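Notes to accompany the following structure.
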Amino acid sequence: MTIQVYTGKNLEELLKSVAAEKGVSVEDLTYTIKEEKAGFLGIGGKIEAEIYCSKDIESFLKNYLKTFFTNIEMSADVVVENDEGFYRINVDAENNAVLIGKNGRALQSLNTIVKAAASSEFKKRIGVLIDINGYKQEKYKKVCSLAMRVAKDVRRTKTDAILDPMPADERKAIHNHLAGMENISTVSEGEGNNRRLKIIYTPEK
């Protein structure tokens, strides 16, 4: 998909027209003006703009993954949900284990590729999280349970602890899970694939 270019007499009319066509409000549109020519006495003006909305991002993500699965000759059901500008994608394929990979590494790589493709297409950072048949939700439960046990030890011993490296979404899940815990705070440390979560004893909290 390439972002569609629309032409109109002026920006206001153009945005109203595109919004009506897409079935969204003008406020839901994102646009980049490509060319604008002023008319004489308000007559003959012309504007060209790239315009898209969240529905276009959803369509791009779904089509991108469908093409991916077609190319690797694997059937899969893909559902894309827009969570206030963050796109959650649920996939159920005929071979989920292969897509997840060891310790979820294949899934993480797929997520990175799809996120990069969408961000490049729409020229802005697009938040994407792919889950395969509930794998991520189950993983969140496991890492949060582990982190809670570690946090209790940190609070008891007053000694900070560092967890093993993990993806950003899993670190975020733990951070949110421990956010309300008394005397405990969390912070990420390290770079790239070695980034990990540190659980800190915080007496003033």
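The values are calculated or read from the model by the stated rules, or taken from the named source; none is laboratory data. Since the structure is predicted, the reported quantities are computational estimates derived from the model, not experimental observations. Using ideal geometry, Cβ is built from the backbone for each residue, glycine included, and neighbour counts are taken over all protein chains shown. In case anyone asks, the SASA skips ligands and DNA or RNA and just uses the protein heavy atoms, side chains included. Shrake-Rupley method; radii C 1.70, N 1.55, O 1.52, S 1.80 Å.
So the values come out like this:
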| read-out | value |
| --- | --- |
| Selected residue (criterion: nearest to the chain's Cα centre (by Cα)) from residues of the range 127-141 that are surrounded by 16 or more Cβ atoms within 10 Å (Cβ to Cβ) and part of a helix (DSSP H, G or I) | Lys136 |
| Those strands (runs of 3 or more DSSP E) lying entirely in the range 36-126 with at least 1 residues under 30 Å from Lys9 (Cα atoms) | 46-52 |
| Filtered residue count, the range 116-126, keeping only those that are exposed (fewer than 14 other Cβ atoms within 10 Å of the Cβ) and among the hydroxyl-bearing types (Ser, Thr, Tyr) | 1 |
| Test for Lys142: is it on the phi < 0 side of the Ramachandran plot and either of a type in the set (D, E, K, R) or modelled with pLDDT under 95 (or both) | yes |
| Test result for Ser145, small (Gly, Ala, Ser) and within 24 Å of Thr112 (Cβ to Cβ) | no |
| Qualifying position, being out of contact with any Lys or Arg (no Cβ under 9 Å at 6 or more places or on another chain), basic (Lys, Arg) and either closer than 20 Å to Thr7 by Cα or open to solvent by less than 30 Å² (accessible area, probe 1.4 Å) (or both), among Lys62, Lys66, Lys34 | Lys34 |
| Identity of the residue in the range 90-110, more than 16 Å from Glu170 (Cα to Cα) and among the β-branched types (Val, Ile, Thr), that ends up least open to solvent (accessible area, probe 1.4 Å) | Val91 |
| Cβ-Cβ under 7 Å pairs, at least 6 apart or on other chains, the range 108-134 side touching a residue at least 24 places away in the same chain (Cβ under 8 Å), far side polar (S, T, N, Q) | Ile126/Ser119; Val128/Asn111; Leu129/Asn111; Ile130/Asn111; Asp131/Asn90; Asp131/Gln137; Ile132/Asn96; Asn133/Asn96 |
| Among the candidates Pro203, Pro165, residue that is part of a loop (DSSP other than H, G, I, E, B) and either among the β-branched types (Val, Ile, Thr) or closer than 30 Å to Arg88 by Cα (or both) | Pro165 |
| In the range 150-172, residue nearest to the chain's Cα centre (by Cα) [restricted to those that are modelled with pLDDT of 95 or more and among the aliphatic types (A, V, I, L, M)] | Leu163 |
| Whichever residue in the range 174-200 is acidic (Asp, Glu) and assigned to a loop (DSSP other than H, G, I, E, B) and, among such residues, is least open to solvent (accessible area, probe 1.4 Å) | Glu182 |
| Residue within the range 89-105 that is at pLDDT 95 or above and closer than 30 Å to Gly180 by Cβ present | yes |
| Residue that is farthest from the chain's Cα centre (by Cα), among those in the range 186-205 that are closer than 15 Å to Ile162 by Cβ and of a type in the set (D, E, K, R) | Lys198 |
| Of all residues in the range 142-158 being in contact with a helix residue (DSSP H, G or I) (Cβ under 8 Å, 6 or more places away or on another chain) and over 26 Å from Ser109 (Cβ atoms), the one that is surrounded by the most Cβ atoms within 10 Å (Cβ to Cβ) | Ala151 |
